[in-house]
Amino acid sequence: MLRRKAARRAQGDAHGDPLDAVQERRVRAVLALGGVPQADLPDGVQQVRLRLLERAARGHEAPRDVSAWAAVVASNLAMDWHRAKRRQERLGERLASLRQHEHPSGEDTSVLSLAVAQGLDELPDAQRQVLVLRFYADLPVRSIAQELGVPEGTVKSRLHTAVRALRARLHEDEVV
């Protein structure tokens, strides 16, 4: 009987929800204590549900303790939220410092856009792909790695190499 209850909890309720009400409250609490704003809590809970469903879809066994697993995932999501926030703040600071400098003319902007497009064309396919996914599609490294089926380190390495090559190209052409 105890095993059947645990199995039911692991599979979710009759509506297919992988988290019961108690687990959901725990996930919300972990997210909130992790500093995630109240407005983002529902999204965080949905992310935990999604990861549990994805785990089942990949054929993995349900976690032995769904509640503990969900709390760890929620904690990781809170850390990811903080990293993204810091990244956005740094980007905002860089953009603000760029705005303080003289705005380039429309012609200068066109030249820069053309040079970047040409630089992207010269990159190897794998490097161009991760660069576009990361900076134009704004996907996190983890998502890129999962979608491409490669380790995160490979994505980071390709990004580093691609950015360095593009930067060198723009300096060679005396665009920046």
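There is at least one residue in the stretch 126-145 that is within 17 Å of the chain's Cα centre (by Cα), at pLDDT 85 or above and surrounded by fewer than 12 Cβ atoms within 10 Å (Cβ to Cβ).
Residue pairs whose Cβ atoms lie under 8 Å apart, separated by 6 or more positions or on different chains, with the first residue in the stretch 61-84 and in contact (Cβ under 8 Å) with a residue 12 or more places away in the chain and within 13 Å of V36 (Cα to Cα) and the second open to solvent by less than 20 Å² (accessible area, probe 1.4 Å) and not in a helix (DSSP H, G or I), are L77/V36; A78/V36; W81/V36. Taking the listed residues L123, L148, the one that is surrounded by 11 or more Cβ atoms within 10 Å (Cβ to Cβ) and either at pLDDT below 80 or closer than 30 Å to P18 by Cβ (or both) is L148, with no other qualifying. Among the conditions (1) of a type outside the set (F, W, Y); (2) at pLDDT below 90; (3) open to solvent by 40 Å² or more (accessible area, probe 1.4 Å), P18 misses just one, which is (3). Residues of the stretch 29-64 that are surrounded by fewer than 19 Cβ atoms within 10 Å (Cβ to Cβ) and in a loop (DSSP other than H, G, I, E, B): G34, G35, P37, R58, G59, H60, E61, A62, P63, R64.
Of all residues in the stretch 80-90, none are in a helix (DSSP H, G or I), at pLDDT 90 or above and among the acidic types (D, E).
Screening R25 on (1) buried (at least 16 other Cβ atoms within 10 Å of the Cβ); (2) modelled with pLDDT of 85 or more; (3) assigned to a helix (DSSP H, G or I) shows it passes everything except condition (1).
Checked against the criterion of being at pLDDT 75 or above, assigned to a helix (DSSP H, G or I) and not aliphatic (A, V, I, L, M), the stretch 97-117 contains not a single residue that satisfies it.
Select from the stretch 151-176 the residues that are at pLDDT below 90 and in a loop (DSSP other than H, G, I, E, B) and write down the one among them that is most open to solvent (accessible area, probe 1.4 Å). If we take residues in the stretch 151-176 being at pLDDT below 90 and in a loop (DSSP other than H, G, I, E, B), then E174 is most open to solvent (accessible area, probe 1.4 Å). Per the conditions (1) of a type in the set (G, A, S); (2) under 14 Å from L19 (Cβ atoms); (3) open to solvent by 80 Å² or more (accessible area, probe 1.4 Å), the sole criterion not satisfied by S67 is (3).
The values are calculated or read from the model by the stated rules, or taken from the named source; none is laboratory data. Bear in mind the structure is a predicted one, so any value in this text is a computation, not a measurement. Every residue, glycine among them, receives a Cβ derived from its backbone with ideal geometry; neighbour counts consider all protein chains shown. All accessible areas refer to the heavy atoms of the entire protein, side chains included, with ligands and DNA or RNA removed. Shrake-Rupley method; radii C 1.70, N 1.55, O 1.52, S 1.80 Å.
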